[in-house]
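The structure under discussion appears below in the form of structure tokens.
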Amino acid sequence: MSRRTPFFYAFVGLWILALALRLGQIQILQHDEYLARSLHTQKVEEFVRRADILDRNGRLLAGSAAGFSLSVALDARSASFTPADLQAVATCLRLPLDRVRAAAAKRSGYAVITRKAEYEQIQALRALGLKGLLLPRQHQRVYPYEELTEHLLGFVDYKEDGQAGLEQRYDGRLNGRPGSKLVLRDSRRASYDLDQVLEAPEPGVPLETTLDIPLQFVCAQALAGLEAVCRPAWASATVMDPHTGALLAHAIWPPFTPDSRGRVRDEHLASHFFEPGSIIKPLLAEAVLAKGLARPGEVIACGYGSTTVLGRTIRDHAEYGNLTFTETLMFSSNVGCIKWGQRLSDEAFLDRLQRFGLGRRTGIDLSPESSGSLPPLRRVNALTKAYMSIGQGMAVTHAQVLQAYAALANGGDLVTPHWAKDFPVVRTPAADPKVLGTLRDILTQTVTAGTGKKAEVAGVAWAGKTGTAQKAEAGRGYVEGNYVSSFVGWFPVERPEVLIFVVVSEPQGLYYGSDVAAPVARDIAFYLSLEGVPRETV
């Protein structure tokens, strides 16, 4: 036997003894310390699926489906990545390599690289099969009708929090409340459910809306036809129940696209304001009739195309001579309407517009909502009244116009436009019911023989008014050839069921409301008449 053999066995023996002593120290003396390091409890949130948004007939407008999120992260604490791995990840995501390296260098268990990966990129990353590459599964919000409804519904962020539209307005209702539970985690971050619920999650409540998808499609198709007629900057068509304020449709042109996010809100329904033009005239006509300051058959001298107020000449769109009060509305004579509008005192003039809800928010369930603008009483004089009599020098929102005309249609009450089926309906008196019959007859004649002729639908009696207003630009004032055109009306005349409002901004070529907005309203009314809305003979 070699003389070195005893030394070798001695060394091995001592090594085994040291190892045994160390194992004994860990297993016996430091057992609790190492167990605490390797196993620990952690409170984790239990997320709930975001609730659905439905149309009035239960069709799914927005829902959450399980799938891969668009987030990509690295677990650099329990996995290592070669330079080739990091280059492959950067190539798949089309991101700078330094950005991926920075995430790996954090040595974090969840270092986010991006939250905006594309579906194809996620699939390519999965194919890499890299340990420690985290592609979390979560619910994704889907919108089956896409551009037809996205401008109303809005969208959610990566955490499924509402960012615009109804998703934002009813975020708390749809999201519910997450719960929490205890889990056991080991040193490799594996989780073991302890079945200990600290707080039970509360699921979100589905939002049933008043939107009707077939009608929404018809409105969108009617607006699409404007591209060949006048190529507008934008246009919208809205349908509402004048008795309750329930909004049945609100379509826009051009359609909403995901690229519009960040600069598109509700597309003109609540936040956008504009000068209304001649659609304001029936509201002031109601005031003049209610105070006994005019009669339907009274003759008004319309100045053959112009009138002068406080030294300022205001021109008409046609050279009318004498017209009756009724005809000044039927043919939308600016001079005629200015003349009988001057019969109202400054206080009465402004008060009537405010009674119809102008100058304040309607309370529509979309945000942000603008209040529009009316001049303060101290700035109201004969000239400002003249301009406001033709819908200039003031600003209104689409929601305000719908609310005001609903009062003309339903017997005099303001109702709040809304999308949620369970929205409380509150009625506020605004118009004098005694004169609404007279005004209804005038607006019916406006459709059958006046400026609203192109909105007429055979066999359907409805009342309405056209509007054409010049648009003002900052620093330039009113710009020739730049208009906002509109039509608003309701039917059936005697028993109103729907209110239709069409707005066309900056039409090219044809620009009168009678030429560009009225035909769109006609197409929508024709569809509704076929869908069972009662017909009346004019």
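The values are calculated or read from the model by the stated rules, or taken from the named source; none is laboratory data. Everything numeric here is computed off the predicted structure, so don't read it as measured data. Don't worry about glycine lacking a Cβ; one is built from the backbone with ideal geometry, like all the others, and counts go over all protein chains shown.
Numbers below:
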quantity	calculated
Any chance residue 522 is in contact (Cβ under 8 Å) with a residue 24 or more places away in the chain and more than 21 Å from residue 403 (Cβ to Cβ)	yes
Residue in the range 365-386 that is closer than 18 Å to residue 293 by Cα and surrounded by 20 or more Cβ atoms within 10 Å (Cβ to Cβ) present	yes
Residue count, the range 137-166 (criterion: under 19 Å from residue 268 (Cβ atoms) and either in contact with a His (Cβ under 7 Å, 6 or more places away or on another chain) or outside any loop (DSSP other than H, G, I, E, B) (or both))	8
Residue tally, condition part of a strand (DSSP E or B) and surrounded by 24 or more Cβ atoms within 10 Å (Cβ to Cβ), over the range 442-482	6
Contacts under 8 angstrom Cβ, first residue in the range 482-494 being within 16 Å of residue 282 (Cα to Cα) and at pLDDT 95 or above, partner in a strand (DSSP E or B) and among the aromatic types (Phe, Trp, Tyr), 6 or more apart	486/501; 487/501; 488/501
Number of the exception - residue 390 against (1) more than 22 Å from residue 444 (Cα to Cα); (2) under 34 Å from the mean Cα position of the chain (by Cα)	(1)
From 34, 9, residue being surrounded by 12 or more Cβ atoms within 10 Å (Cβ to Cβ) and either over 30 Å from residue 149 (Cβ atoms) or at pLDDT 75 or above (or both)	34
So residue 77, is it of a type in the set (Lys, Arg), at pLDDT below 85 and in a loop (DSSP other than H, G, I, E, B)	yes
In the range 215-256, residue farthest from residue 405 (Cα to Cα) [restricted to those that are outside any strand (DSSP E or B) and in contact with a His (Cβ under 6 Å, 6 or more places away or on another chain)]	256
Among the candidates 154, 109, 132, residue that is at pLDDT below 75 and at positive phi	132
